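Working notes for the structure below.
The values are calculated or read from the model by the stated rules, or taken from the named source; none is laboratory data. This structure is a prediction, so every number in the text was calculated from the model and none was measured. Positions of Cβ are generated from backbone atoms using ideal geometry, with glycine treated the same way; all protein chains shown enter the neighbour counts.
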Amino acid sequence: MKFYNLDTEFTFGKFQGNTVRQVIEIQSSYIDWCALNLDHFYISDEVIEEIKTIKPDFKLSDEGMQKLNEKYEAWETQQQRSHNDYDYYQQESYGEYAGSYAQDVEGLSDDFINDVLDGEPDAYWNID
């Protein structure tokens, strides 16, 4: 999910190259459409309030607000999972094979390289 603010530039669609600030001046209903139809699009309540200072009659539909809330909740859940996974992997050791493709790119721990690859980080390619 991407957090949009007034200065975020659209990289897609009919307003590609325009910022949120520019789009609300041109066609503010597009923001509601994005909230409803694009999984990656998110604007916070703070950004909505900033938009209202520029365009006082701006309003997201109830469905758009609900969709934004659902996206944020899903994002929070994903962040929590990622944090828990990070904590789990932090228990493994890293560094002995720093600089190797197996560790730096593939993310294999020293323990994995020692136990599964018999201490040969170049053997990562043979993992199924």
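A quick yes/no check of all residues on (1) free of Cβ contacts under 8 Å to residues at least 12 places away in the same chain; (2) touching a Pro at 6+ places or on another chain (Cβ under 8 Å); (3) of a type in the set (V, I, T); (4) surrounded by fewer than 13 Cβ atoms within 10 Å (Cβ to Cβ):
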residue	(1), (2), (3), (4)
E9	yes, no, no, no
F12	yes, no, no, yes
Q22	yes, no, no, no
H40	no, no, no, yes
E50	no, no, no, no
D62	yes, no, no, yes
M65	no, no, no, no
Scan segment 78-116 for residues that are of a type in the set (D, E, K, R), at pLDDT below 75 and part of a loop (DSSP other than H, G, I, E, B) and jot them down. E92
